[in-house]
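The values are calculated or read from the model by the stated rules, or taken from the named source; none is laboratory data. Predicted model, so just to flag it, every value in this text is computed and none were measured. FYI the Cβ positions are ideal-geometry reconstructions off the backbone, even for glycines, and counts take in every protein chain you see. We work out accessible area using only protein heavy atoms, side chains counted, and drop any ligands, DNA or RNA first. Shrake-Rupley method; radii C 1.70, N 1.55, O 1.52, S 1.80 Å.
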Amino acid sequence: MPTFQFVLFYVADPLASGRFYSRLFDRSLKEESATFAMLELGANVLLGLWLRPTVEPAVDPAARPGGSEIAFVVADAAALQATFETWVAQGVRIAQPITEMDFGRTFVGLDPDGHRLRVFLRR
């Protein structure tokens, strides 16, 4: 079986998105150019930010950011609250404030292109 290593988001501005994610996760960009930026999200998992008009094969014009999400698990309620407060202070748009759901407490932020970033505390 192939090894999972990348999440790719198609973005309007890879450098701006790269700065957003670098600041959000306090991680340095591993690669950055006008058409692509990349940073490490965790052990052996990379986030690639690809300039939407240069993606090959071309992206379906009907496909919009926010139709899926990437999720991050935190250790406890204090970490969930601290992450929420940090993201709000950094100006992250919040699509869903901290909410109790079937799977646990969660919130959802949006990147500059509208991609969903879920943080949750698993039950």
**Complete:** DSSP beta bridges in the chain: the antiparallel percent, rounded to 5, is 65
**Item:** Local electrostatic count at residue 101 - Lys and Arg +1, Asp and Glu -1, tallied over other residues with Cβ under 12 Å
**Value:** +2
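Could you look at the stretch 28-74 and say what percent of its accessible area is carbon and sulfur, using a 1.4 Å probe and all protein chains?
Numbers: 1520 of 2810 Å².
Ligands and nucleic acids excluded, carbon and sulfur reach 54 percent.
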**Request:** Please identify, among 28, 68, 17, the residue showing maximal mean-square fluctuation in a Gaussian network model of the chain using a 10 angstrom Cα cutoff.
**Result:** 68
**Prompt:** Using modelled backbone amide H atoms (1.01 Å from N, in-plane), which distant-in-sequence or interchain residues come within less than 5 Å of residue 11's amide H?
**Reply:** 50, 51, 52
**Request:** Please identify, among 108, 92, 45, the residue showing maximal mean-square fluctuation in a Gaussian network model of the chain using a 10 angstrom Cα cutoff.
**Result:** 45
**Complete:** Mean separation of Cα contacts under 8 Å (at least 6 apart) over the residue count of the chain, i.e. the relative contact order in percent, is 22
**Request:** List the equivalent ellipsoid semi-axes of the stretch 1-111 in whole Å, largest first, each obtained as the square root of 5λ for an eigenvalue λ of the Cα gyration tensor.
**Result:** 25, 16, 15
**Asked** What whole-number value in Å² describes the accessible area per residue of the chain for a 1.4 Å probe?
**Response** 59
**Message:** Whole-Hz ³J(HN,Hα) for each residue in the stretch 46-51, computed from phi via Karplus 6.51 cos²θ - 1.76 cosθ + 1.60 with θ = phi - 60°, x for glycine and proline: what do you get?
**Reply:** 10, 10, x, 10, 10, 4
**Request:** With everything on Cα atoms, drop me the angle between helix 14-25 and the longest principal axis of the chain, reported from 0 to 90° to the nearest 10.
**Result:** 20
**Asked** Projected onto the charge dipole of the stretch 57-114 (+1 at Lys/Arg Cβ, -1 at Asp/Glu Cβ, origin at the Cα centre), which of 107, 92, 77 gives the Cα projection farthest towards the positive end?
**Response** 92
**Request:** Note down the nm distance, to one decimal, between modelled labels 7 Å out along Cα→Cβ at residue 30 and at residue 89.
**Result:** 2.9
